[in-house]
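Quick note: the coordinates plus some simple rules give every number you see, no bench work behind them. Fair warning: this is a prediction, and the values are worked out from it, not measured in the lab. Heads up, the Cβs are rebuilt from the backbone with ideal geometry, glycines too, and the neighbour counts pull from every protein chain shown.
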């Protein structure tokens, strides 16, 4: 086997490992409790290469606002979609886009980018 073939095998093995880790590996998920008072709660999600934090915990029965701080010009992340709420919001119109989240029932409300590649969730407890 020549030097070029050895390099090709090594590069292929490294790429296969990275791809396997990306799709099959266990990745830590950031979670944040919303802040506020008995009358209002809010949380900020930074949109930069994904959603950070990707999980927001809200208190049931307290009106909530989720602020999406757009810091990424990636086309995929230009929209946030809450299927369950019927929300498809363009995040490129302002630096921070606020979305009202219903907290009348406990449960999980999933959200994703416009291409459904990046995901997050709101947990109402």
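Helical content of the chain, expressed as a calculated mean residue ellipticity at 222 nm, amounts to -6000 deg cm²/dmol (DSSP H runs of 4 or more residues, -39,500 (n - 2.57) each, divided by residue number, nearest 500). Put a dot 7 Å past the Cα of residue 40, heading toward its Cβ, do the same for residue 115, and the two dots end up 3.6 nm apart. In the list [x] -0.35, -1.24, -1.31; [y] -0.40, -1.25, -1.33; [z] -0.52, -1.21, -1.26, the label attached to log10 I(q)/I(0) by the Debye sum over Cα atoms at q = 0.10, 0.22, 0.23 Å⁻¹ as derived from the coordinates here is [y].
A crude spin-label estimate for the pair residue 98 and residue 59, with each label 7 Å from Cα along the Cβ direction, gives 1.9 nm.
Model label sites at residue 33 and residue 15, defined 7 Å from Cα along the beta-carbon direction, differ in position by 4.7 nm. A straight chain from residue 4 to residue 74 at 0.36 nm per residue would run longer than the Cα-Cα distance by 21.6 nm. For the residues 34, 16, 43, a GNM of the chain with alpha-carbon springs under 10 Å puts the largest fluctuation on 16. Computed from the C-beta positions of residue 84 and residue 48, the FRET efficiency with R₀ = 30 Å rounds to 0.75. Of all beta bridges that DSSP places with both ends in segment 31-124, some 60 percent have antiparallel geometry.
Grouping the Cα pair distances of segment 83-125 into 10 Å bins from zero gives a pair-distance distribution of 23, 54, 22, 1 percent in increasing distance order. Taking the chain as a Gaussian network of alpha-carbon nodes connected by springs under 10 Å, the highest mean-square fluctuation of the residues 12, 74, 92 belongs to 12. Among 105, 48, 60, the largest mean-square fluctuation in a Gaussian network model of the chain (Cα springs under 10 Å) belongs to 105.
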